Each structure stands twice: as C-alpha cells, then as structure tokens.
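Report on one structure; see the data block that follows.
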Amino acid sequence: MIESWWARCALALMLLCVTNRAGAEARFAIDVRVAGPPLSAEVLKAMRSEAVAIWNRYGVRLLPPPTAECDSEEPIAGWIDVLVERQATHASSDSRIVLGSTRLPRTPADRMAIRIDYDAVQDVVAGLRTERRLALTAHGGIESVDIGRATGRVLAHEIGHLLLHDRDHTDRGLMRSSYRPEDLLMLDRMSFSLSPAELSRLHDRGDEAAAADR
C-alpha cells in the first residue's frame, strides 16, 4: 500500500511532536514462546527485528526479558507474553484467516498476551505466485527472513492493540483489519505506520502511565 503525500507529511509532523513532547522511550519486555515444532533462530530473529523496527520509530522499545545477569536500570513499562503456535487448529465461525489475537489487560499491572498463528501467516505468504515474490524480494522462494518478517508485522499489529488498548481497526496502516500477502512480504515497511489519531492516543496513554507512576 502506498500512502499519499499528505499522509506522509502528517505522519512526519506528528512524529516530530511526539518526540519533542515525550522525550523518553517506553520500554517493554517481550517474551516469545513457540508451541509446537521449534522455529529456526533465523525466523525468530527476523520476527523480533521487524516488530522492533516498526515500533522504534514511535519511541517504543521492545526488549528481551530482563535477567539476573543483565538487569536494566531503565524501568519496564510492561511485559508482553507472545505465543507463536504451530500446527494449531482453531474453530472459526466464518472464513476469515486469523493471523493473531490479543488479550487486553484488565489492569495496567497485568501481563499482556499475544497469540500468533504461524501456519496461517505462512499460508498467506505462500499464496503469492513465484514471479510476484521475485518482484517483491528479489528471490522467488520463501526464506526464513521472509516468513520472519511477515510474522513480525503481525506481531507489531497485535502489539498495537495492546499499546493503544483498543480492538478497533483502520482502513490502512499498521492497524488495518487485514493484510495482503504482498503487505507481509514486501521489503518496504512504510505502510506499517500509525495514523495521527493513533499517535495521539499512544502519547496520551503514555502520559497517563507516567502520571500513575508519580
């Protein structure tokens, strides 16, 4: 999806305002588990890297869980548990392909939970014709970095539901209701962005959290 010129300008201006007003980054520990056959290190690395890259531009840092050997001096704003399911079967009342789901926390202290259906993501990406994949990635197959990037974009979308504390979707951007195979596979991630309204909501929720800590 290609955003219009005015939308890109609005996004740039909003990002500048958020950076100037917020000042500090919000840090979240993200713990990823795999249910079913293990995923390769390359897939997991690409998945994390894509989600991190999408949220870094908004001052949100996604970090590995802190350990006793590497305790962070910076406060953690929240803890996100991610379950990547493989070979899972889920009953569905319609024909929609559900790539991921989120459980919104009831209180700020609750751990946040995300489920990703890895096989569903893989099926969507595999639906592209070889020549189309070649045009998007310069190779016709689906490599570990490709499926990792696609899964990372689904993860970033679900994180959006948590950080915005909203189940609603938009027509475009990161929080759109559905993704085409091209959206998940293409190298350019510019279309995985927040709208000005979502950026404002993200900033307001950050202010609320900061006020609660005082």
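The values are calculated or read from the model by the stated rules, or taken from the named source; none is laboratory data. From a predicted model like this one, the values you see are computed outputs, not experimental measurements. Backbone-built Cβ (ideal geometry, glycine too); neighbour counts: all protein chains shown.
Per the conditions (1) out of contact with any helix residue (DSSP H, G or I) (no Cβ under 6 Å at 6 or more places or on another chain); (2) without any contact (Cβ under 8 Å) to a residue 40 or more places away in the chain; (3) more than 20 Å from Asp81 (Cα to Cα); (4) not small (Gly, Ala, Ser), the sole criterion not satisfied by Ile97 is (1). The criterion of at least 2 residues that are out of contact with any Asp or Glu (no Cβ under 8 Å at 6 or more places or on another chain) and either surrounded by fewer than 12 Cβ atoms within 10 Å (Cβ to Cβ) or modelled with pLDDT of 95 or more (or both) is met, among strands (runs of 3 or more DSSP E) falling completely within segment 68-155, by 78-85.
Among the residues of segment 26-46, what is the count of those that are crowded, with 16+ Cβ neighbours inside 10 Å and over 16 Å from Val154 (Cβ atoms)?
Total meeting the criteria: 4.
Yes/no per residue for (1) over 22 Å from Val52 (Cα atoms); (2) not polar (S, T, N, Q):
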{"residue": "Ala113", "(1), (2)": "no, yes"}
{"residue": "Ala120", "(1), (2)": "no, yes"}
{"residue": "Leu128", "(1), (2)": "yes, yes"}
{"residue": "Leu136", "(1), (2)": "no, yes"}
{"residue": "Thr151", "(1), (2)": "no, no"}
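What do you reckon, is Arg205 charged (D, E, K, R), part of a helix (DSSP H, G or I) and under 19 Å from Asn56 (Cα atoms)? Here the answer is yes, as Arg205 does meet what is asked.
Can you report the number of residues in segment 156-172 which are in contact (Cβ under 8 Å) with a residue 40 or more places away in the chain and assigned to a loop (DSSP other than H, G, I, E, B)?
3
Ser178 fulfils the conditions (1) closer than 23 Å to Arg61 by Cα; (2) loosely packed, with under 13 Cβ neighbours inside 10 Å except for a single criterion, (1).
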